[in-house]
Every structure is written in structure tokens, then in C-alpha cells.
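Chemist: Sharing a structure, written as C-alpha cells. Questions coming.
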């Protein structure tokens with residue numbers, strides 16, 4: 001009798017798995033129609049205005065950087081609009097008010113980032129942008145390889161890959177890791193995005209790579225983009241590049 005009671009208690013416990021033990025994907029999939037709101041901790045260098053506006057920086061005193069704009073610290077909220085068991089929309093904000101009719105899923109930054117990047121690969125347009133942005137705003141650890149894999153994933157949508165490339169340039173500490181992506185970026189759209197990402201680094205490896213692209217890239221529009229960004233950087237090496245190019 002005692003053994004039977006123990007078995008019954010174990011069965012009841014297994015039938016009532018706490019939500020915290022379920023994966024993010026399982027908890028999202030459980031909502032067929034409606035809104036799921038993923039809530040997780042944002043990076044220390046992330047601010048929102050409480051109404052959808054979001055700003056980031058790679059380091060330093062965020063308060064000084066935002067100037068006169070309202071800087072509200074708070075969690076990231078990613079709202080997934082669900083319809084017929086599929087995610088139809090993705091919207092991301094920081095320090096905004098919770099949506100009253102949403103199914104709230106509080107999760108860790110690491111789990112949220114992994115989930116959003118895994119689903120972003122199939123999204124296009126704004127949904128891809130918002131999903132990847134949500135992952136980038138998460139206070140996750142060691143996420144650079146996940147962004148790199150998405151950039152390299154030729155089966156993913158172009159929207160997801162471009163946004164992952166942009167955010168990789170924001171979150172990584174090493175310009176070298178961005179330079180090493182060159183051979184994996186064959187699409188002209190990705191290569192143009194690549195020149196912009198390099199231009200935001202403003203260090204010697206980035207300038208050297210932009211000069212290399214401006215001189216040797218097989219796509220004329222990509223070469224033009226590289227030259228445009230070099231012209232904005234006011235770096236001595238960039239100035240010398242233009243002098244050499246204009247020399248008779």
C-alpha cells in the first residue's frame with residue numbers, strides 16, 4: 001500500500017512539471033493563438049525610453065552617452081504574436097510596460113538569446129530584425145559563436161543574416177573575428193553590410209580590411225561602399241589610400 005502511494009505521488013509530480021523546467025520553445029509552442037511575452041535581463045549598456053525606443057553602446061558610461069534622451073533601465077520584452085500554432089510577428093522593446101493579455105514567459109538571457117537566434121533564421125523582414133535584436137540585447141554570456149553561425153548559415157534568410165552581422169559588430173570585442181568572416185560572405189547584400197560593420201569598429205584591422213575590399217573585391221558596388229566608409233573615417237591609412245588611388 002505504501003509503495004502504491006509512492007508511485008501515485010511520483011506520477012502526479014510528473015504530470016505537473018513547473019513552467020520553469022520547460023524550455024522556452026515548449027512554452028511558446030504551448031500558446032496556439034495570442035501573444036507570448038519573453039521577459040529577460042538586458043545588457044548593462046542597454047537603455048529604453050519605455051515606449052519602444054532602444055539604444056546601446058559597446059561599453060563605458062551609458063548615462064553620459066544618452067545625453068538628454070530618457071534612459072530607462074529594465075528588462076527586454078520580446079512579444080511573439082502566435083496564430084494557428086505559428087509565430088506570425090516579433091516585436092522587441094526595453095523597459096516597456098507588459099502587455100496585459102500576453103502569456104508571460106520569464107527566462108534567462110542565455111536561453112532567450114539561443115531561442116531567438118534559432119527561430120530568427122526562418123523569419124524575413126522586420127520579424128528577423130526584431131528577433132535577432134532581442135537576442136543581442138540579452139545579457140547573455142558567450143553568444144558570439146551563435147551570431148557567427150547565423151551569419152554563416154546559407155539556409156537562413158538574408159534578413160536574419162544581415163541583422164546578425166550588424167549585431168556581431170556591436171557585441172564582439174575582437175575585430176579580427178569579423179575580418180575572418182570575409183570568405184563566408186558571398187552575397188552582395190551581405191558584403192555591403194560587411195563594409196558598414198567594419199566602418200563602425202574604427203580600429204586598424206577594420207581600416208586595413210576596408211582598404212583590401214576597396215582594392216580587390218569582385219563586386220564594384222561593394223568596392224564603392226568600402227571607399228565611402230573609408231572616406232568617413234578620417235584615418236591616416238584611409239587618407240593615404242585615397243592619395244595613392246588619385247596619384248597619376
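The values are calculated or read from the model by the stated rules, or taken from the named source; none is laboratory data. The model shown is predicted, which means the values in this text are computed figures rather than measured ones. No Cβ is skipped: glycine too gets one built from the backbone with ideal geometry, and neighbour counts run over all protein chains shown.
Chemist: How many residues does the range 41-76 hold that are at pLDDT 55 or above and outside any loop (DSSP other than H, G, I, E, B)? I'd like the intermediate steps shown before the answer.
Modeler: The initial filter retains those residues of the range 41-76 that are at pLDDT 55 or above, namely 41-57, 67-76.
Restricting the remaining residues to those that are outside any loop (DSSP other than H, G, I, E, B) gives 42, 46-48, 54-56, 72, 76.
Count: 9.
Chemist: From the list 193, 141, pick out the single residue that is out of contact with any strand residue (DSSP E or B) (no Cβ under 7 Å at 6 or more places or on another chain) and either farther than 29 Å from residue 75 by Cα or surrounded by fewer than 16 Cβ atoms within 10 Å (Cβ to Cβ) (or both). Even if it seems obvious, please write down each step before you answer.
Modeler: Working: 193 fails: either farther than 29 Å from residue 75 by Cα or surrounded by fewer than 16 Cβ atoms within 10 Å (Cβ to Cβ) (or both).
Testing whether each residue is out of contact with any strand residue (DSSP E or B) (no Cβ under 7 Å at 6 or more places or on another chain) and either farther than 29 Å from residue 75 by Cα or surrounded by fewer than 16 Cβ atoms within 10 Å (Cβ to Cβ) (or both) leaves just 141.
Chemist: Out of everything in the range 119-138 that is more than 17 Å from residue 77 (Cβ to Cβ) and part of a helix (DSSP H, G or I), what residue ends up being farthest from the chain's Cα centre (by Cα)?
Modeler: Restricting to residues being more than 17 Å from residue 77 (Cβ to Cβ) and part of a helix (DSSP H, G or I), the top hit is 125.
Chemist: Regarding the range 100-118, can at least one residue be identified that is under 19 Å from residue 192 (Cα atoms), outside the structural domain of residue 187 (by TED's automatic domain parsing), touching a helix residue (DSSP H, G or I) at 6+ places or on another chain (Cβ under 6 Å) and in a helix (DSSP H, G or I)?
Modeler: Within the range 100-118 (the criterion being under 19 Å from residue 192 (Cα atoms), outside the structural domain of residue 187 (by TED's automatic domain parsing), touching a helix residue (DSSP H, G or I) at 6+ places or on another chain (Cβ under 6 Å) and in a helix (DSSP H, G or I)), the answer is no, since none of the residues qualifies.
Chemist: Further question: Just wondering, is there one or more residues in the range 170-184 that are within 20 Å of residue 40 (Cα to Cα), in contact (Cβ under 8 Å) with a residue 40 or more places away in the chain, touching a strand residue (DSSP E or B) at 6+ places or on another chain (Cβ under 6 Å) and in a helix (DSSP H, G or I)?
Modeler: Residues of the range 170-184 that are within 20 Å of residue 40 (Cα to Cα), as a first pass: 170-171.
Cutting the leftovers down to in contact (Cβ under 8 Å) with a residue 40 or more places away in the chain gives us 170-171.
From what's left, touching a strand residue (DSSP E or B) at 6+ places or on another chain (Cβ under 6 Å): none.
No, that holds for no residue.
Chemist: Got a number for residues in the range 88-118 being surrounded by 15 or more Cβ atoms within 10 Å (Cβ to Cβ), under 18 Å from the mean Cα position of the chain (by Cα) and closer than 18 Å to residue 35 by Cβ?
Modeler: Count: 9.
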